[in-house]
């Protein structure tokens with residue numbers, strides 16, 4: 001049908017706008033938070049008027065402030081991700097996470113949305129929309145996760161500013177007064193006896209035949225997490241050569257398949273006796289001993305494994321937890337709490353020539369270095385936990401026979 005003087009017209013029962021005279025194009029008039037064009041003419045007129053203002057402002061900016069061609073969200077997000085990957089400053093997994101977050105923005109605002117036309121009120125509608133999106137746990141996105149989505153968009157605006165695709169300093173995310181924030185509390189972790197029960201459940205775990213990619217190494221994998229405190233990708237990126245049974249140590253270092261988080265993350269860890277026994281059986285005890293390469297490779301591709309949520313959930317359920325209650329990030333906190341309870345033996349010579357043995361609590365600085373930190377602050381503020389059950393030992397270990405009085409009933413139910 002013929003276009004109206006207001007530039008509004010209909011396709012079926014939905015309103016569109018024709019903005020070609022202002023440098024735009026034919027566009028559906030979609031209210032914030034909606035996926036399709038409106039059927040309400042009054043709403044369409046308001047949206048059209050706002051779009052005319054945006055296009056007029058963009059035209060003035062290009063003329064007066066030497067702004068380059070308009071940056072459309074979909075195209076510019078792809079450009080931003082390519083440059084992120086080429087910089088070498090972030091991992092491929094981080095780029096993949098950014099892509100997921102920016103795709104949500106494209107879904108909400110539209111791929112053709114000019115970055116210069118997104119305002120704070122648009123972002124507020126985006127935040128409310130994100131809060132209703134489902135997460136992997138069967139709930140909805142938390143305020144902390146929503147903040148990550150906003151941060152990804154804010155970083156995109158920083159690049160757009162540097163490339164003169166928006167006005168200098170234009171960043172609607174930075175202009176928001178009340179951004180969603182996570183509610184940090186004490187992280188989840190396991191007492192030593194609970195960790196022992198989980199590890200025993202992993203030892204008894206057998207993958208179901210119907211699983212697409214069964215992981216036969218869940219027992220040594222969980223043991224390595226619990227007995228090194230390594231970060232997720234640090235452990236998944238370990239190679240067989242990083243385990244030294246002669247020197248009794250585990251080495252975290254940079255490999256072609258993954259980098260380390262910080263410069264302090266390259267380190268040597270004690271190979272505790274329990275882990276040494278488990279890994280020795282895993283590496284040399286099968287019909288075909290492991291050679292060079294990844295310690296825990298993906299069974300399907302042989303490349304680095306990225307997640308093991310389903311088998312971990314199955315093991316946790318067997319030990320009495322809910323399916324999603326146990327996450328791999330808990331293991332790092334568990335190791336730190338257990339390590340802080342260890343003691344070192346000191347032998348002093350007495351005046352009469354005899355010896356006096358003292359047990360000295362391990363240094364917090366020692367634990368921090370084993371965790372890959374440059375100082376003790378994170379151990380004291382984040383990773384150190386004081387449990388209900390005290391224990392002292394020379395080594396970190398999680399052996400069910402040491403805790404039968406606490407987990408006997410749960411152990412019998414495995």
Within the stretch 173-188, is even one residue over 30 Å from residue 312 (Cα atoms), free of Cβ contacts under 8 Å to residues at least 40 places away in the same chain and in a helix (DSSP H, G or I)? yes
Which residues, taken from the stretch 101-122, are over 27 Å from the mean Cα position of the chain (by Cα) and either outside any helix (DSSP H, G or I) or over 19 Å from residue 158 (Cβ atoms) (or both)? 112, 113, 114, 118, 119, 121
Filtered residues of the stretch 375-393 (kept if touching a helix residue (DSSP H, G or I) at 6+ places or on another chain (Cβ under 8 Å) and in a loop (DSSP other than H, G, I, E, B)): 375, 376, 384, 385, 386, 387, 389, 391
Considering only residues that are under 16 Å from residue 119 (Cβ atoms) and buried (at least 19 other Cβ atoms within 10 Å of the Cβ), which ones fall in the stretch 8-47? 30, 47
Pairs returned, first residue in the stretch 336-352 that is under 13 Å from residue 397 (Cβ atoms), second residue that is surrounded by fewer than 10 Cβ atoms within 10 Å (Cβ to Cβ), beta-carbon separation under 8 angstrom, 6 or more apart or interchain, are 341/390; 341/392; 342/392
Hits in the stretch 248-278 (condition: closer than 15 Å to residue 370 by Cβ and either surrounded by 18 or more Cβ atoms within 10 Å (Cβ to Cβ) or more than 26 Å from the chain's Cα centre (by Cα) (or both)): 248, 249, 250, 252, 260, 265, 267, 269, 270, 271, 272, 275
Residues to consider are 396, 357; find the one that is in contact (Cβ under 8 Å) with a residue 24 or more places away in the chain and either more than 13 Å from residue 191 (Cβ to Cβ) or assigned to a loop (DSSP other than H, G, I, E, B) (or both). 396
Condition first: within 19 Å of the chain's Cα centre (by Cα) and touching a residue at least 24 places away in the same chain (Cβ under 8 Å). Now tell me which residues in the stretch 288-308 satisfy that. 304, 305, 306, 308
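Every number in this text was worked out from the coordinates using simple rules, so none of it is lab data. Just so it is clear, the model here is predicted, and its values are computed rather than measured. We place every Cβ from the backbone using ideal geometry, glycine too, and count neighbours over all the protein chains shown.
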